[in-house]
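Structure first, commentary second.
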Amino acid sequence: MNEASALLDPTIGWILLAALSVIWVGLGVYWGRKASNLEGFMLAGRNVGLALGTATAVATWITSNTTMLAPQFALQLGVWGMLAYCTASFGLFLFAPMAERIRALMPNGYTSAEFVRLRYGNFAWGIFLVISLFYGITWMISMGMAGGILMEALAGIPYVYGMTTILLVCVLYTLFGGLFAVIGTDFIQSWIILVGVCVVAIAVLSTVSIDEIYANLERNRPALLDVLFPAAIMAIFNNMLFGLGEIFHSNVWWSRAFAMREGVGRKAYGLAGLIWLPIPIVAGFLGLAAPALGINIARPDMVGPVVAGTVLGTFGAVLVFVVVFASLASSIDSLLAAMSDLVLNDFVKQMFARDASDEQLRRWGMAVIIGIGLITWLICVPRVGTLASVLFFAGPLVGSAIWPIIAGLYWQHANRHGAVAAMLLGSAGGLITYFTVGWYAASLIGTAVSMVVVVVTTRFAPQSFDWARLDAGPHATTSEEVA
Amino acid sequence: MRPIRSGRSAMHLAWCIVLLGSLLAPVAAARAEVPTPPRWDHDARMSSKDGYAQLEWIVEDDTVHWVYQLEEGRLPGFEDTILRHEGPQHSSFVSGLENGTSYFRVRARHPDRPDGWSEWSQTLEIEVQHYSRSFALTLMGIGAVVFLATAVFLIVHRNDPTPHARSSR
């Protein structure tokens, strides 16, 4: 893609970019006034209700990856690819009961890493922190890159300018408003995304019929309709487990579980899964329709925006611009907030600022948000690989954290050394698979290895755990220290 | 007389040269606007295990927004071709390829000269050999077992009584 083939006039692109930036930063400042103390800034006062809770889960899970990667999946792996992507909603369904238990076990908790530290000890905590931060950064990079690529493709705005603007906007409003701003903007962004995706899908369906799409695929890209397409059938459960790993371990979801009112988490995550489920199917459909529409796809991760822009013209391009900006912002802000909580609570507070006041910690939190934004920007500038290749590299790592997390939450006798071994061996096995087979089997193997290790070590070397330790405050001793 | 005649001849000759030059100039200019054949920006032999590939090509003179035509053939001689792309983009993502070899070639023309196509590029060969179905089904089976184990675990434990942290001390 270059300026010559952009779908929008660059001037319109710059105006849109400026308008959206002002709106989100303005809303961030407005909602930020509610965050009067550290708990308000980090966890929105632990008082988020069902509507906002559901909307923030939906908006956060509809990332640029949903609107841009789901069509790419369909284009690469066909019908199964499209369905494989929507299985990520199972993560939300299965996290629903976990959210309730997390809140009940740790009513004063802040982060997922804090749980791992108290449940399994410092060594497991260190490994988990590496996995979680690595995943968070790769997710941020994939979205920063998506923003730059999208703006370049749609409006001819140079990649670096587009990417820099979206990162800067998200850093600014998260900085001003903390989780209050993140959840508030998520609510608006989720509506924009849902309406936008539906409009584009209806427009595509009125341009080309399902029969034409099917006939074209059968004639020109027959493998995409193959029920036993090898890479696609491997991807189904791989993607499902990747989604589970992302949600189960990530502080993005734990911080929302802590932030929701008692009794809200289970319903909010269940509803969010239902609302999210059809989105990748609608978005993925654009990828399958592209060949029938005679559209050349220069880069696979741009298939969704290019199809929308081609079918709906300038209006479509504007719509896609707004929708993807909203989906990017809704996820980048959540990640910034969750990662800064993680670094602040589990690193800064533990290492440097044990006795710091709320005000000092809030300043630390702001510095951490700026630091994470800066690191992401530096890595995004050279534009490393495609969106999928960047994100899926983290797949085996997060897959390996699934079983240590769920066993730690529900099994009183889960072995802490087993949890460490599960994360290490699962990650190693998954990464070897990533390089020898491909991304579509890496999370699957990572999770499988981890599950076997956790089950075997708990069965043959059970260790007792006192649940009370999970609610013993931020400076509580770990099970390791007690032992 | 002779000098006069020879002067006229020279003048006629000069006019002929000018006339010929003016007639041939557009032809020469048009020739100059026919680009050299594009060349692949990667190896001309590729392999794929998932039936897709990213194709990219370049033309030496990048000051013009050339129009490209990308063709796919099932046979190396391109007897049976599919037009995959015609437009200004110098890359294309192809997917849904079945087992076997697919052949691709690309050519370019100036945007204002519909018939001024360059020669075809070197032929690109993509050898597609998908993973075996038994291997894929095995991995799918492992994935199904792991997912079901995780889901069943959470469903079974979904209503576990939460230990009351404070009271258990």
Heavy-atom surface of the range A:225-356, accessible at 1.4 Å and reported per residue (Å²): 24
Accessible carbon and sulfur surface of the protein assembly as shown relative to its total accessible area, %, 1.4 Å: 65
Backbone N within the range B:46-79 under 16 Å of label point (7 Å from B:Glu127 Cα along the Cβ vector): B:46-52, B:76
Spacing of the two label points (7 Å from each Cα toward its C-beta) at B:Leu137 and B:Asp80, in nm: 2.9
Cα gyration tensor, chain A - rounded (a/c under 1.5), prolate or oblate: oblate
Label-point separation, A:Asp355 to B:Ala151 (7 Å along Cα→Cβ), nm: 5.3
Average partner coverage of B:94-101, which counts Cβ from other chains inside 10 Å: 6
0 to 90° range, to nearest 10: angle between helix A:358-380 axis and chain A longest Cα axis: 40
Per-pair calculated FRET efficiency, R0 = 30 Å: A:Arg363 and A:Asn108 via Cβ, rounded to 0.05: 0.85
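Sort A:Cys380, A:Cys198 by accessible area with a 1.4 Å probe, largest first.
The ranking, largest first, comes out as A:Cys198, A:Cys380.
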Helix-only CD estimate at 222 nm, as mean residue ellipticity for the protein assembly as shown, using -39500 (n - 2.57) per DSSP H run (n ≥ 4): -22000 deg cm²/dmol
Accessible area of B:Glu33 in the full protein assembly, 1.4 Å probe (Å², nearest 10): 60
Added length on full extension, which subtracts the Cα-Cα distance from 0.36 nm per residue, A:Ala19 to A:Leu50: 8.2 nm
Nearest 10 degrees, 0 to 90: helix A:10-32 Cα axis against chain A principal axis: 30
Accessible area in the full protein assembly, largest first, 1.4 Å probe, for A:Phe93, A:Phe321: A:Phe93, A:Phe321
Cα-based helix-to-principal-axis angle, A:278-292 vs chain A, degrees rounded to 10: 30
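The values are calculated or read from the model by the stated rules, or taken from the named source; none is laboratory data. Just so we're clear, the structure is a prediction, and the values are computed from it rather than from any experiment. Neighbour counts run over all protein chains shown; Cβ positions are idealised from the backbone, glycine included. SASA here: full protein model, heavy atoms, side chains in, ligands and nucleic acids out. Shrake-Rupley method; radii C 1.70, N 1.55, O 1.52, S 1.80 Å.
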